[in-house]
1. Run the simple label-point estimate for ALA10 and ASP308 please: 7 Å along Cα→C-beta, distance reported in nm.
2. Could you tell me the relative contact order of region 1-156? Use alpha-carbon pairs under 8 Å, at least six residues apart, and round to a whole percent.
3. Going toward the positive end of the dipole of the chain, with +1 on Lys and Arg Cβ and -1 on Asp and Glu Cβ, which of ILE266, LEU157, ALA132 do you reach last?
4. When only Cα pairs under 8 Å and 6 or more residues apart are kept, what is the percent relative contact order across region 170-275?
5. Loop-only GluC sites (Glu not before Pro) in region 234-321, please: DSSP not H, G, I, E or B, and at most 15 other Cβ atoms within 10 Å.
6. List CYS290, CYS199 from most exposed to least, where exposure is judged by having the fewest other Cβ atoms within 10 Å.
7. ARG319 to ALA272: FRET efficiency via 1/(1 + (r/R0)^6), r the Cβ-Cβ distance, R0 25 Å, to the nearest 0.05?
8. As I understand it, the value is the acute angle between the Cα axis of helix 62-74 and the longest principal axis of the Cα atoms of the chain; what does it come to in degrees, rounded to 10?
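Since every read-out is calculated from the coordinates, none of them should be taken as a lab result. Values in this document were obtained by computation on a predicted structure and should not be read as measured data. Here the Cβ is made from the backbone with ideal geometry for all residues, glycine too, and neighbour counts use every protein chain on show.
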Amino acid sequence: MKKFLKSTTAYTDMRDAFFEELFQIALHDHDVILLHADQGAQTFQKFYSSLPKQIFNAGVAEQNMISVAGGLALSGKKVFVHAISTFITLRCYEQIKVDLSVMNLPVTIAGVGPGFTYGADGPTHHSNQDIAIMRAIPHMRILNATDFFNLAVFPHLTYSKPQLTYIRFEKGNFPDLYSSRIDSIPDGLAMLKPGKKFCFITTGTITHKAIDIAKNLKEKSDLDIAVIDIYQLKPLNEKILKKLIEPFEVVFTLEEHLSYGGLGTIVSDFLADHSIKTDFLRIGLPDGHCFIYGDRDYMHKQIGIASDQVIRKIDKFLRSR
């Protein structure tokens, strides 16, 4: 397995972090193949210039791309497929189940734009159910990037430990949380902020919002809320999570996903399975489609998960205990 190292490039876009690292892997292994559904990323030009036999544009035909990936994997290729997250999951669900999972093939599915990344494009592009459906597929590993430091490790992780894997990651860049924690990435989760009595459990880039909320509450109301980021949602590292979570009296989950089926359900199942007695509040999206258009901050305000709204929900819950 390649040693997990700090990124040598100061990436300014999450996509570049993933595909640049994948490109470095592909340079040394000509069995690594990248398929994409007419997507764009700066590093793709490197593939086309230097490794033209290792990258293919499948066009806007994601279902066919998954089937092609299965055939390539059966022939011994190490396949990565890429498209917008909602299209590479919901649109391709049967193909992922039958052509990849049933065959137990170690294809890596890289989906860009989870949650409200494409908020201005409406409900066709919102990706708020993907964790729920993908975790129901046997053999599936799910990784959710928090910043470009842990995202840059993911292609090395899936290459060195091959397994059917779904990776979800954002466009753009986010503050550094993992540059000092690179060697612990295989653990699948980390406590990013310590605390007492109260704990946020979150996943993906909304982790940054959870940290900001926790700091705000500490300053204004003296609530000392810890923050745990779970970036490998399946299989869950239950041993480490149990050790981290047991000291807390109250656990909140925060996610930009339906509040059932995703992180909230993963954590509630975990608490039940391990008979951990704690007060628990899940905060996520309501049961319904979102017909609002706008950037992420606007969407969060309209849907009820803006920072001030989350704080009010926490306050109401704590008052009712």
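1. If labels sit at ALA10 and ASP308, their model points lie 3.5 nm apart.
2. Numbers: 221 pairs, mean separation 41.3, N = 156.
Reported relative contact order: 26 percent.
3. My answer, from the dipole projection, is ILE266.
4. Numbers: 137 pairs, mean separation 33.8, N = 106.
Here the relative contact order equals 32 percent.
5. Numbers: sites: GLU238, GLU249, GLU255, GLU256; in loops: GLU249.
Those that pass, being in a loop and sparsely packed, are GLU249.
6. Least to most surrounded, the residues fall as CYS290, CYS199.
7. On the way: r = 25 Å, r/R0 = 1.00.
Calculated value: 0.50.
8. 70 degrees
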